[in-house]
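> One structure, pasted below without further comment.
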Amino acid sequence: MSTWTIKAEPVIGTDVEAVTRQYFTEMGRRVLGRSATESELRAVLVEDPHHDLCPPDGEFLVARNSEGEFLGCAGLRLLRGDPQTAELKRMYVLPSGRGAGLGRGLLRAVEESALRLGALRIVCETNTQLTDARALYIRHGYKETAPYEGHGKADHWYAKELG
């Protein structure tokens with residue numbers, strides 16, 4: 001069985017940039033049905049940046065194996081205008097980390113971080129094609145809800161009351 005640790009890290013650095021590119025490349029294939037172009041990758045980072053996934057109003061959590069290799073990540077940020085609601089962002093598990101419950105572990109860690117930041121509710125968005133993500137959210141008490149702050153091509157929005 002795989003072991004890992006999940007802890008907050010800065011949302012900068014070589015690992016994060018490489019994984020962010022891999023995340024958007026995979027999302028492009030799965031959502032758009034093709035690989036994203038370099039200009040599309042740059043544009044999505046401008047439209048939906050991740051620089052605010054850090055204190056005081058956010059956090060970026062990284063899962064690493066016992067050798068320190070990056071396995072996955074998840075971020076959260078308090079919504080502007082609604083600081084009691086946190087948004088789950090950039091949840092991604094690399095192929096090498098899949099199938100061992102790491103997604104569940106990251107989701108729980110994000111919820112704990114949201115509570116520490118004072119959030120009473122957490123929201124996230126995803127796409128029809130991301131069936132594993134949608135199933136994970138539903139299994140852990142997330143309910144479909146109305147759109148909150150649209151980003152990109154989301155067509156499913158979820159919310160969960162915390163506490």
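The values are calculated or read from the model by the stated rules, or taken from the named source; none is laboratory data. Worth saying up front: this structure is predicted, and the values here are computed from it rather than measured. Every residue, glycine as well, gets a Cβ built from its backbone with ideal geometry; the counts of neighbours run over all protein chains shown. Protein only, heavy atoms only, side chains kept; ligands, DNA and RNA dropped before computing areas. Shrake-Rupley method; radii C 1.70, N 1.55, O 1.52, S 1.80 Å.
> Being in contact with a His (Cβ under 8 Å, 6 or more places away or on another chain) and at pLDDT 90 or above is true for just one of E112, E144, E161. Which residue is that?
On the way: E112 fails: in contact with a His (Cβ under 8 Å, 6 or more places away or on another chain); E161 fails: in contact with a His (Cβ under 8 Å, 6 or more places away or on another chain).
Unique residue meeting the criteria: E144.
> In the range 51-87, what residues are aliphatic (A, V, I, L, M) and within 14 Å of V11 (Cβ to Cβ)?
At the first step, the residues of the range 51-87 found to be aliphatic (A, V, I, L, M) are 53, 61-63, 71, 74, 76, 78-79, 86.
Correct list: L53, L61, V62, A74, L76.
> Further question on the same structure: Using the structure shown, decide if P10 is farther than 23 Å from N127 by Cα, part of a loop (DSSP other than H, G, I, E, B) and open to solvent by 60 Å² or more (accessible area, probe 1.4 Å).
Considered against the rule, which asks whether it is farther than 23 Å from N127 by Cα, part of a loop (DSSP other than H, G, I, E, B) and open to solvent by 60 Å² or more (accessible area, probe 1.4 Å), P10 comes out as yes.
> Any residue in the range 27-45 that is in contact (Cβ under 8 Å) with a residue 24 or more places away in the chain and assigned to a loop (DSSP other than H, G, I, E, B)?
No - not one qualifying residue is present in the range 27-45.
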